[in-house]
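All of the numbers you see were taken from the coordinates with simple rules; none came from a lab. Please read these numbers as outputs of a predicted model, since none were measured by experiment. Every residue, glycine as well, gets a Cβ built from its backbone with ideal geometry; the counts of neighbours run over all protein chains shown.
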Amino acid sequence: MQWSLFLFILMGQSFFFTCHLYVYHFIGENKTWDEAQKYCRENYTDLAIVSNMTDMERLRKSTETLTEAWIGLHSYPGKDNRRWYWSLPGLKFNENQTRWESGEPNDNGGQENCLLMNNQKWSDYPCGYKFRFICYNETKQFNKSFHLINYTLTWPQAQRYCRENHTDLVSGLDQLDDNSVKSGSYVWIGVFRDTWRWSDGRNFSFRNWEYVEDLVDGQSNKTCATTMLNRAGKWSSADCNEEKPFFCYDVPLRKHLVRLTLSAENPSVNLKDPAVINIMLKQLEKKFRDEGVSVKLSWRKLPEIQNNTKEAQREEQCAP
Ligand SMILES: [Ca+2]
C-alpha cells in the first residue's frame, strides 16, 4: 500500500546561520532599553541583532529616519565578564587555541583588551596605544591577502582602517600562519575582548562603534547600545533608562515542501487512517525538536502517483 503526501515544513531559527535573513522593524516610539526589549519579544523575535556589515546596511535601509535608536546589545561591566573575539565576523574564538607569550595575558592595569603579536606570540595590551598592524583582504587586492600597514594607529583605528580599505584586521589562526603574517613584530592583530552581549544570547563579534571608549566596557552608566543613523549607523553607548526609538528583528518562516511515499511493513497498519498519519507527524516533529530545530509540520494530500517511488524534495532559496 502506498500513499503520496506532501510534507510542509515551516522552519524558523534553524536557518539563521546559513541565510542571515533577519527582517528589521524600526519602531518610532520612545522607550527605555528594557521596555524596547519587552516590546520586541512580544511582537517580533527580539531587539535587533547585527552580525556583520551586510546586516548593518540592511538595518539602516529599513528606515529613512535619521535618529538614534536602540539595538539589542547590552554591556555587563566587570573584568570577569570580558570575552575574547576575533575581529572578522563569523570566526569563533577558541580559548584552547591561543598563542600567548609566557606570562600573558596578564591584563596589566586591568585595561589590556586588545592583542599585540610579536614573533607569533600574543600579548594583551591597552587598545589605545599605537602600533603597526596587518590587514586581511579577501579580494586579494594587489594580489596580496595580507597587508602590513607601516604606520601606527590605535587598535580601534587600525580595525576601522582595515575595514574601510581591505576586509578586516588579520583574524584566525589560518591567516596568522601565512608566511607574510608570521614575521610581524609588534603588530596589532584582530583580537579584542569586551563585555557586550546580544539580547538574544548570540555570540556575534561584530561591533561598529563610533567612539573608542565604547570598545570594551561601555562606560559604567552607559551599558546599552544605540545605532546613530545620522552618523552612518555607527554605534554608541547610552544610559539604558533613556527613552529612544528602537529596532526589532524577526525571521520570516521558511516553507519546505517534501514529498514522501509511505509504505507499511505491517499490513494491519492503515496508512489512510488520519490518526496514524497524525502520530507519524508528531514523531517527526519530535525528531526535529531533539535536533534543536524548531519546525511546524503538516501533511498535504495529493493524488496518488503511479509507478513513482522516488522521494522528491524542493527547497526555496535564500532571497538576497
Ligand atoms: Ca599584557
Answer with one residue from LEU59, HIS74, GLY28: the one whose Cα lies farthest towards the positive end of the charge dipole of the range 16-79, charges on Cβ with Lys, Arg +1 and Asp, Glu -1. HIS74
Listed with the fewest Cβ neighbours within 10 Å leading, TRP209, TRP70, TRP100 appear as TRP100, TRP209, TRP70
Work out from phi, with θ = phi - 60° and the Karplus expression 6.51 cos²θ - 1.76 cosθ + 1.60, the ³J(HN,Hα) of each residue of the range 279-284, listed in order in whole Hz, and give x for Gly and Pro. 4, 4, 4, 4, 5, 5
Given pairs LYS31/LYS296; LYS182/LYS234; LYS38/LYS287; LYS144/LYS182; LYS38/LYS79 and cut-off 22 Å on Cα-Cα distance, the over-length ones are LYS31/LYS296; LYS182/LYS234; LYS38/LYS287; LYS38/LYS79
Write down, largest first, the equivalent ellipsoid semi-axes of the range 83-194 in whole Å, where each equals the square root of 5 times an eigenvalue of the alpha-carbon gyration tensor. 21, 15, 13
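Just want the ordering: THR67, THR227, from fewest to most Cβ atoms lying within 10 Å of their own Cβ.
THR67, THR227
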Size of the dipole of the range 158-297 about the Cα centre, Lys and Arg at +1 and Asp and Glu at -1 on the beta carbon, nothing else charged, in debye to 20? 620
If you put +1 on each Lys and Arg Cβ and -1 on each Asp and Glu Cβ, how big is the dipole of the range 83-194 around its Cα centre, in Debye rounded to 20? 300
Provide THR65, THR195 in ascending order of the number of other Cβ atoms located within 10 Å of each residue's Cβ, fewest first. THR65, THR195
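Find the relative contact order for the range 83-194 and round it to a whole percent, using C-alpha pairs within less than 8 Å whose residues are 6+ positions apart.
Computed value for the range 83-194: 35 percent relative contact order.
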